[in-house]
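For reference, the structure discussed in these notes is given below.
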Amino acid sequence: MNNELTRTYFKILLPSIIGFIITGSLKVFDIINFGPLRYIDIFAPAVFVLSVISAIAMPIFSRTIFADKMRNEKAVSLEDFVIFERRILYISLITPYLALIAFLFDFPKFHLAGSFLMAIYAGYYYYPSKRRITFDKKIFRVK
């Protein structure tokens, strides 16, 4: 199960990392430059807020819903737990793609840095390590 979640994690995260490498290379060699958007005053804060929502708020909300749904169960099945963990990965790993958008369109430093920090947080905190999975299994009483 842990290997399956780790593969899912990297399948979601790897394209955004490759996107950062390609975009950074294109910017360094001045091959492409999208520059700031026309409505950056609206778009940059929106992407920043969406980054915070996808990295922090939605995973907590999803975890709360799962805990509430399973509160009367004696034990949680492994299948339900894996579905829950995958959902958390899908939700939280939207954040690196939002940070890539911020990087690509040269957002103001505050919004770019905030989106990037949220992406690092999401990538670090929701990595399916054995320790975190074991801890979550104990909390949710997985069979």
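The values are calculated or read from the model by the stated rules, or taken from the named source; none is laboratory data. Note that the structure is a prediction, hence the values are computed from the model and not measured. We place every Cβ from the backbone using ideal geometry, glycine too, and count neighbours over all the protein chains shown.
For Ser115, the conditions (1) farther than 30 Å from Asn33 by Cβ; (2) assigned to a helix (DSSP H, G or I) are fulfilled apart from (1).
Would you confirm, using the coordinates I've provided, whether Ile83 is within 24 Å of Tyr125 (Cα to Cα), free of Cβ contacts under 8 Å to residues at least 40 places away in the same chain and aliphatic (A, V, I, L, M)? Against the criterion (within 24 Å of Tyr125 (Cα to Cα), free of Cβ contacts under 8 Å to residues at least 40 places away in the same chain and aliphatic (A, V, I, L, M)), Ile83 qualifies. Considering only residues in the range 126-138 that are in contact (Cβ under 8 Å) with a residue 60 or more places away in the chain and either among the acidic types (Asp, Glu) or assigned to a helix (DSSP H, G or I) (or both), the one that is surrounded by the most Cβ atoms within 10 Å (Cβ to Cβ) turns out to be Ile133. The criterion of at least 1 residues that are over 25 Å from Phe140 (Cα atoms) and of a type in the set (Gly, Ala, Ser) is met, among helices (runs of 4 or more DSSP H) falling completely within the range 1-111, by 2-28, 40-52, 95-104. The set of residues from the range 86-124 being within 23 Å of Asp68 (Cα to Cα) and free of Cβ contacts under 8 Å to residues at least 60 places away in the same chain comprises Arg87, Ile88, Ile91, Ser92. Any idea which of Arg38, Arg71 is under 27 Å from Ile18 (Cα atoms), modelled with pLDDT under 95 and either of a type outside the set (S, T, N, Q) or in contact with a Pro (Cβ under 9 Å, 6 or more places away or on another chain) (or both)? Only one candidate qualifies: Arg38.
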